[in-house]
Amino acid sequence: MTTTGVAGGSWRADVTPWGAIEPWDGSPRLDWFVAADDRWHVPSREPAVRQQRLSGTAVVETRVRIPTGDAVQRVYSVADAGGLTVVEVENDSTLPIAIAFSGRDGVLTDRPVVAVPIEGIELPPSAFVLPVGHRATTLVAIAHEPSRIARLPAGLPSAAQVVGGWRLITSTASRLELPAADRGEALADAVTAARCELVLGAHPSPAEDPGAFAVAIGELHRIGGMSSVDDGDVVADLAEAVAAFAPSAGWRSDAALDAARRVLAGVGESRAAGDVARIINGRERTPRPAMPPDGVWCIPWIEEGLIRHGALLPYGLPTGWLGANFEVFGLPIGPQSRIDYALRWHGERPAVLWDVTGEPVELTAPLLDPGWRTTAIKGEALWPAPATSFS
């Protein structure tokens, strides 16, 4: 499920795979149903339900197939009026429909509720119906602080604007503009999705998964979305997590150590950062798994495919990226160093343009141009045409 809420607020809810909203505070769930020309459609039981995060963000779009089109629901949260979780339903069909909402009192609407009996489906007495014309849209919302608002305000941010806001928040850590082919775009969206979940508080505890906790704290530190990263308690938790996972060999332990080192160096814990550096330097690194892992672990996996310390594209160039321009920003290459770089094609030859922020790091391209290396802060280089396609 996807978490929804406002960054900086405390109200949270899960969005189920069919678009119902389940608040974390234990209050009733808000569910939805679609009356189309043929029948009532129950999203929780429909075979033709498709759901996606828009651009990987905490804006969830759920489509239910109906005659001549789809009923399209979007769920997102905005900070207006103390916080609102908005449910937008668009009638992407050629016929009028009606939308029923049930399970929760006090839902705010953008139009009067239809005072007619609900026939053809059994719903709780509190259920209400809103008509939605051909190609029209309706809004309802759950107030995070019901005492602050009595009606749905006009001029709320659109779903597209909320998507843009989330992309801005998550890109403060890094931004990946990857080719659509060979999962590039999907990988970038997976990074955004994992960071949205972290900002909204869906992250592992140090006791349950100390390695994932270290990676999560590392991402929150990069985003700037967790002021308590600088608190002594979090630093102490991170130190205990390192002690728990550091003895274990493997890629996850390597990635977690890198994250812990960056956090400790970033908050001025130079002695602790030095201790972690000695652990890193005293062990042999493990290659990453062949397939991307789930959750927060997908972030270091994806970024490592783009640069591993100073090695650009250390596992090669995906076949579908041959001839495709792309650019990435803010990738970590050291405790307090980051790189922006772009790949541009000149015929069959790739050119790399880079800009390093922080301490210089030696850059290499072990698979694309084994003889190339530089410690320049910024520059560009033309690599040879790839001899083979990498996967």
TODO: Rounding to the nearest 20 debye, state how big the charge dipole of segment 135-191 is about its Cα centre with +1 on each Lys and Arg Cβ and -1 on each Asp and Glu Cβ.
DONE: 300 debye
TODO: For A136 and R271, calculate 0.36 nm times their separation in residues minus their Cα-Cα distance, and state this gained length in nm to one decimal.
DONE: 42.6 nm
Task: For the chain, calculated [θ]222 nm from helices alone, where every DSSP H run of n ≥ 4 adds -39500 (n - 2.57) - done: -7500 deg cm²/dmol
- [ ] Write down Rg/Rh for segment 303-391, rounded to two decimals, with Rg from the C-alpha atoms and Rh from the Kirkwood relation over Cα pairs.
- [x] 0.93
Task: Qualifying GluC sites (Glu not before Pro) in segment 231-297, DSSP loop, other Cβ atoms within 10 Å at most 10 - done: E284
Open item on the list: Could you derive backbone 3J(HN,Hα) for segment 92-100 from the dihedral phi with the Karplus parameters 6.51, -1.76 and 1.60 (θ = phi - 60°), listing whole Hz in sequence and x where the residue is Gly or Pro?
Closed with: 8, 8, 8, 10, x, 9, 10, 10, 9
Open item on the list: Using a 7 Å offset from the Cα along the Cα-to-Cβ direction at both V114 and W40, what is the distance between the two label points in nm, to one decimal?
Closed with: 1.3 nm
Task: R0 of 41 Å, Cβ-Cβ distance T286-W24: FRET efficiency to nearest 0.05 - done: 0.70
Open item on the list: Full-extension gain between A180 and K378, please, as 0.36 nm times their residue separation minus the C-alpha to C-alpha distance.
Closed with: 68.6 nm
- [ ] With unit charges on the beta carbon (Lys/Arg positive, Asp/Glu negative), name the residue among V162, L238, V199 whose Cα is farthest towards the positive pole of the charge dipole of segment 152-262.
- [x] V162
Open item on the list: Taking only the Cα atoms of segment 65-177, how large is their convex hull per residue, in Å³?
Closed with: 144 Å³
Task: Cut-off 17 Å, label 7 Å out along Cα→Cβ of A351, residues of segment 287-329 by amide N - done: 323-328
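How high is the relative contact order of the chain, in percent, with contacts defined as C-alpha pairs under 8 Å that are six or more residues apart?
Averaging sequence separation for qualifying contacts and normalising by length gives 11 percent for the chain.
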TODO: Evaluate the Kirkwood expression for the hydrodynamic radius of the chain, namely the inverse of the mean inverse distance over all pairs of different C-alpha atoms, and round to one decimal in Å.
DONE: 23.2 Å
- [ ] Mind checking the full-extension length gain between E359 and I279? Use 0.36 nm per residue of separation minus the Cα-Cα distance, one decimal, nm.
- [x] 26.7 nm
Task: Amide H within-cut-off set for I307, under 5 Å, with H built and near neighbours excluded - done: L313
Task: Dimensions (Å) - segment 200-302, Cα atoms, principal axes, largest first - done: 35, 32, 22
TODO: Could you give me the percent of Cα pairs per 5 Å distance bin for segment 256-335, shortest bin first, beginning at zero and ending with the bin that holds the maximum distance?
DONE: 3, 12, 21, 22, 20, 11, 6, 3, 1, 0
TODO: Just need log10 I(q)/I(0) for segment 92-153 at q = 0.19, 0.22, 0.29 Å⁻¹, Debye formula, equal scatterers on the alpha-carbon atoms, no solvent, rounded to two decimals.
DONE: -0.79, -0.98, -1.29
- [ ] Enter the accessible area of M291 (Å², nearest 10), with the probe set to 1.4 Å and all protein chains included.
- [x] 120 Å²
- [ ] Run the numbers on segment 273-386 and let me know its relative contact order in percent, using alpha-carbon pairs under 8 Å that are six or more apart.
- [x] 19 percent
Open item on the list: Quick check: at a probe of 1.4 Å, how many percent of the accessible area of the chain sits on carbon and sulfur atoms?
Closed with: 51 percent
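Which whole-number percentage describes the relative contact order of segment 333-391, with Cα contacts under 8 Å and a sequence gap of 6 or more?
Relative CO of segment 333-391 lands at 33 percent.
The values are calculated or read from the model by the stated rules, or taken from the named source; none is laboratory data. If you're wondering where the values come from, they're calculated on a predicted model, not measured in any experiment. Cβ sites come from the backbone with ideal geometry, for glycine too, and all protein chains shown count toward neighbours. With ligands, DNA and RNA removed, areas are computed over all heavy atoms of the protein, side chains included. Shrake-Rupley method; radii C 1.70, N 1.55, O 1.52, S 1.80 Å.
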